[in-house]
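These notes concern the structure reproduced below.
The values are calculated or read from the model by the stated rules, or taken from the named source; none is laboratory data. Because the structure is predicted, anything quoted here is derived from the model rather than measured. All Cβ positions, glycine included, derive from the backbone under ideal geometry; neighbour counts span all protein chains shown.
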Amino acid sequence: MTVTPPTRDPESYVVGVDFGTLSGRAVVVRVRDGEELGSAVHEYPHGVIDRVLPTTGAPLPPDWALQHPEDWREVLRTAVPAALAAASVDPAAVVGIATDFTACTVLPVRGDGTPLAESGLGDRPHAWPKLWKHHAAQGQADRINHLAHARAEKWISRYGGRISAEWQYAKALQVLEEDPDTYAVTERWIEAADWIVWQLTGVETRNTCTAGYKGIHQDGHYPSEDYLGALHPGFADFARTRLEHPLSPLGSRAGSLTAEAAARTGLPEGIAVAAGNVDAHVAAAAAQAVENGRLLAVMGTSTCHVVNGAALADVPGICGVVDGGIVEGAYGYEAGQSAVGDIFAWWLGQGVPAGYAAEAEAAGEDLHQLLTRKIADQPVGGHGLVALDWMNGNRSTLVDHHLSGVVVGLTLATRPEEIYRALLEATAFGTRTIVDALEQGGVPVHEFIVTGGLKKNALLMQIYADVLRRPVSLAVSAQGPALGSAIHAAVAAGAYPDVRTAASAMGRVDRAVYRPDPARADAYDALYAEYRLLHDHFGTGPDRQMHRLRAIRNHALTAHNSEV
Ligand SMILES: Nc1ncnc2c1ncn2[C@@H]1O[C@H](COP(=O)(O)OP(=O)(O)O)[C@@H](O)[C@H]1O
Ligand SMILES: O=C(CO)[C@@H](O)[C@@H](O)COP(=O)(O)O
């Protein structure tokens, strides 16, 4: 017997889908007020592919990170219907869907959008989608930056003076140089943010956010053929042949849901599909952080910092500034830390004795909660440690993924929870460096707002308030990016005239939940000074020790892999 779910009509609803690093989350939201009625998560079966290629079992070189397109399609097939069921709304009342993605997660495709990895080239690593944290193109990024400065390319200052190895051009150039046959059959090079919209609408579109921040699209142009050809003669036509496409502004309607996508998701055919977006930028709407000076830190596996400004400023070390990159009518600034929660998770996986796991289980806690509780009352500096937050390289403000982690001050008395706290603090110091760089570069920051999985750690939030000497506001939603996408879906469906209006009706924020304590803030100033000494020594000083160690590692592993 088919049970018809109770319907809350005549309300209308929208669906937001957030494609993260390890899973995709769908949320069903009421258009009138942003109420979240149901959600569902689908973990990617292949997760992050960083050890062996699934098709052949061949080992991947160091610093590689790939994903499987089928994992993303499965989110549409499973999480969207599950969220609809959890919300108990009649699918016929859903008027739009929007998606956001990690970035720069990018893939080579045929002219019809078929991923190369799924069209006969599955045994070639370079045919697979490269995840944002694929860091094996640092050499290409270094050359991109060197040449841009040598030729005084105007756009380089919009990217803090350095393009990251995580962004589109370094990754594409790596394909061309290491697997020219795969590059030759790449008809389009597309952000996963736009590819997923292609799956929903059946037509290719490109959004202003990823084109601007990750695709070096500034003032209406991609980098010139002259510049690209000077990088590599075969790269000259890269932007014209593989990227060029009219751009869709954020919140605009990219197209309509096809019959096939309707069958896959359980949503009505023909509803609005919004232009693609990035997980960090889209979340600003959910946290009411679209007004100038409200900086949103999206804190999870990594942290992205996004803030709008009225004026165009070139800020050294930021990821980028894009006109309308977060919301129309403002310059959107992005900066970031390539690992935050990932660093804490690394430590729990490596450095915690078995007895701690048993203690956590007995207390009904996870290890994050246990270590946080054990160390929460220690006075600032009581562990005698300072760490660098570069275990996944440094995105801002050094833009160098061959930098690595450091913990200074270890003794035989150092406890696991003390290292955990030093790592929490290191990420706060990294954020202080970024906020200071923005302000010194001419981008005012009036408010610091947090969204993402880490906002639930009260010790971490208090450390950020103390280290930054600023109140920390919290987005209300536990699903910042997915709610942000839902807000963009409402605009694309015509329910609101623009994203700002929709954000004020559908977004929520709790202001100044954590306030700085002056004594702790003073104590943190002393530790921050120690952090800066390490930062300058390893990050900008003449001693390139971290780069030498990376080269020694790569040489050893490459030699070993070619022997086995
Ligand atoms: N209580 C906690 N304190 C600190 N970090 C945590 C805690 N619980 C989970 N994490 C970290 O949060 C990260 C996941 O954040 P989340 O926002 O859910 O994911 P994503 O960034 O992929 O969207 C993981 O790296 C995990 O180590
Ligand atoms: O880099 C960006 C956005 O530019 C993020 O998508 C990337 O750091 C991944 O974010 P998550 O940590 O998975 O939320």
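Computed values, structure above
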| read-out | value |
| --- | --- |
| Single unsatisfied condition, Val80 versus (1) part of a helix (DSSP H, G or I); (2) touching a helix residue (DSSP H, G or I) at 6+ places or on another chain (Cβ under 6 Å); (3) within 15 Å of ligand 2 (Cβ to nearest atom) | (3) |
| Matching residues in the stretch 456-474 - criterion: being farther than 25 Å from Phe19 by Cα and either assigned to a strand (DSSP E or B) or under 18 Å from the mean Cα position of the chain (by Cα) (or both) | Val472 |
| Any chance Ala311 is more than 13 Å from ligand 1 (Cβ to nearest atom) and over 24 Å from Thr99 (Cβ atoms) | yes |
| Test set (1) in a strand (DSSP E or B); (2) aromatic (Phe, Trp, Tyr); (3) within 19 Å of Leu474 (Cβ to Cβ) - Phe344 fails condition number | (1) |
| Wholly within the stretch 475-564, helices (runs of 4 or more DSSP H) carrying at least 1 residues that are buried (at least 21 other Cβ atoms within 10 Å of the Cβ) | 480-492, 499-506, 518-534 |
| Enumeration of residues in the stretch 310-362 that are of a type in the set (D, E, K, R), away from ligand 2 (no atom under 16 Å from the Cβ) and within 24 Å of the chain's Cα centre (by Cα) | Asp314, Asp323, Glu328 |
| Test result for Glu166, acidic (Asp, Glu) and buried (at least 21 other Cβ atoms within 10 Å of the Cβ) | yes |
| Test result for Ala289, within 30 Å of Asp510 (Cβ to Cβ) and under 20 Å from the mean Cα position of the chain (by Cα) | yes |
| Filter pass, Val106 being away from ligand 1 (no atom under 16 Å from the Cβ), within 30 Å of Arg395 (Cβ to Cβ), modelled with pLDDT of 95 or more and touching an Asp or Glu at 6+ places or on another chain (Cβ under 9 Å) | yes |
| Strands (runs of 3 or more DSSP E) (entirely within the stretch 271-328) containing at least 3 residues that are closer than 22 Å to Trp195 by Cβ and hydrophobic (A, V, I, L, M, F, W, C) | 272-274 |
| Unique residue being within 16 Å of ligand 1 (Cβ to nearest atom), among the small types (Gly, Ala, Ser) and within 20 Å of Val443 (Cβ to Cβ) when the list is Gly317, Gly336, Gly364, Gly300 | Gly336 |
| Some residue of the stretch 26-39 being farther than 16 Å from Ile97 by Cβ, away from ligand 1 (no atom under 14 Å from the Cβ) and surrounded by 18 or more Cβ atoms within 10 Å (Cβ to Cβ) | no |
| Selected residue (only one of Ala230, Ala193, Ala170, Ala239 is within 30 Å of Glu269 (Cα to Cα), modelled with pLDDT of 95 or more and in a helix (DSSP H, G or I)) | Ala193 |
| Subset tally (residues that are in a helix (DSSP H, G or I) and either surrounded by 24 or more Cβ atoms within 10 Å (Cβ to Cβ) or not charged (D, E, K, R) (or both)) for the stretch 86-139 | 12 |
| Residue, nearest to ligand 1 (Cβ to nearest atom), within the stretch 369-400, restricted to residues that are in a loop (DSSP other than H, G, I, E, B) and hydroxyl-bearing (Ser, Thr, Tyr) | Ser396 |
| Subset tally (residues that are in a helix (DSSP H, G or I) and within 15 Å of ligand 2 (Cβ to nearest atom)) for the stretch 439-455 | 3 |
| Number of positions in the stretch 56-77 that are of a type in the set (Val, Ile, Thr) and in a helix (DSSP H, G or I) | 1 |
| Which listed residue, of Thr265, Thr210, is in contact with a Cys (Cβ under 8 Å, 6 or more places away or on another chain) and surrounded by 22 or more Cβ atoms within 10 Å (Cβ to Cβ) | Thr210 |
